[in-house]
Amino acid sequence: MPEEKADFAFGDGSTPLHIAAIGWQPDSIQASRTLRGSVNLAIGSAFTLLPICLSCVAGTLGLVLLYAVLLASVLLSARLQPCDKGAEWQKAAVCDLDAPRMAALTRLRATLMLQTIFCILAVDFPLLPRSLAKTRTFGHSVMDLGVGAFVLMGTLTRHRAGQSTSVSHSPTSTPRASPLVWRVLSRHGPLLALGLGRLAAVRAVEYHSSHSEYGVHWNFFFTLSGVAVAESLLAPSVDDPADTCATAKKASTFGRRRRHPWKGSVLGALVLMAHQWALSYGGLSEFVLHAPRTSFVSANKEGLGSLPGFLGIALMGSAFRDLLRPRGSLEAWRAALRQLAALDVGLWALALAADALVQPASRRLCNLAYALWVLAQVLLALLGCLLVSLRCPLVMSPLLETTNRSPLSAFLLANVLTGLVNLTIPTMHASSAISTVVLVVYMSTVVSALYFVGSWNMSSTLGSLRDSFMGLTISRNRKK
């Protein structure tokens, strides 16, 4: 039975165009910001979640309804809450030049998290088309996109270990109290602990899991922690865009940089090419896909073998970080939007070429085609979020704001609830009616819990864990 459930979670994949249509969901439901009261808040949250859920379970019809809802929300928000662009930019609470970036990343990260939360349980029900489930070896699907998108979002929003603010500057303290390696490990160690905790929990309850996904002992959290540590050690000198806000005020279009912003992306390209060479000519593909599991390394060959590819994705993301740095005017942001669009077109062309000419995209291998596809897909979604954010950087769905404040809490709760549902319900034999009821109750529980803990002041340990998970919390309420 566990093996049958694990096999049920896989599919044959879909097309990049289909996945792109599902993933391009900018939060244009701005009218929900004006709603007040628990009933109206619930309506606004449902209106935000509806496109995410419909796009995943209803196929072509779902996509048609998705964009109909988004169009209706744009028209409704324009009527109920017309946006004065000049006033919005003047009232930006964080930094008037940084508001569009902060809003776009908030929308993107929260939407990605909500879609992930829905899919990790929906994939266990027949309601979710198997074309959107994880592919066994090669192909494109919504579930395949998840881990790569999380790695890239961490790069876009995470402070570098080399920019730690924990070093004391008092006369009696020692400068740089701890080496870089220790700071990196202490920052990302809690994420490693999460991986160990998940491994222990899965073994304790004999929960169904496929070894062909990450390996016998490896899991999603180990991949995130390994990439975060390696990225911090290899490229600690890449600036965080938030640190250049004052610099950007001195320039009308492109703020001056203290370091070379493209260094990380060049390093990432080299890592991806070296990894693809190892896959194509060094025997790594054969090892990952066909080698017997006779040692710790071979037992976890999928997780370990894909790490260089995910590291390449993270390093390449530094190019996005540079193009998202604060700008000196609205026109400069529009120029940045055009640059990002041109970059995305190039990434899509390279991704399709690599898929056809080098090796088909594979999440298990995290090869060149998969890495380029993740970069292109996430950048496409980011463009949609930035378009909305340039119109009204301060208008945000309450659900997205709350999800952005507590992404780790949401993800952990979703994993616990997913496990409980699978241990109590024969999900893969459930009818459409039962599947719908369970998923509605599940999403309602997660959203209610998010609102409950949204204002909870997390301890420093949980805060560090949260930062390692998907980068720093993008707070929109800090003073300049």
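For a footprinting-style exposure proxy, rank 144, 322, 12 by other Cβ within 10 Å, fewest first. It would help to have the intermediate numbers written out before the result.
On the way: 144 26, 322 23, 12 12.
The order, fewest Cβ neighbours first, is 12, 322, 144.
Can you give the extra length, in nm with one decimal, that the chain gains between residue 425 and residue 297 once fully stretched, where that is 0.36 nm per residue apart less the Cα-Cα distance?
Length gained, residue 425 through residue 297: 42.6 nm.
At 0.36 nm per residue, minus the direct Cα-Cα distance, what do residue 263 and residue 193 gain on full extension? Give it in nm, one decimal, please. If you can, show how the numbers build up before the last one.
Working: separation 70, 0.36 × 70 = 25.20 nm, distance 3.09 nm.
Contour length minus Cα-Cα distance gives 22.1 nm.
Order of 445, 157 from fewest to most other C-beta atoms within 10 Å?
Values: 445 13, 157 25.
Listing 445, 157 from fewest to most nearby Cβ atoms yields 445, 157.
Can you list the residues, at least 5 places off or on another chain, whose amide H is less than 5 Å from the amide H of residue 125, using H built in the peptide plane?
none
Please report 451, 442 as a ranked list, fewest other C-beta atoms within 10 angstrom at the top and most at the bottom. It would help to have the intermediate numbers written out before the result.
On the way: 451 17, 442 20.
Listed from fewest to most nearby Cβ atoms, that is 451, 442.
Values quoted throughout were computed directly from the atomic coordinates according to the rules given, and no laboratory measurement underlies them. On a predicted model such as this, the values are computed, not experimentally measured, just so you know. Here the Cβ is made from the backbone with ideal geometry for all residues, glycine too, and neighbour counts use every protein chain on show.
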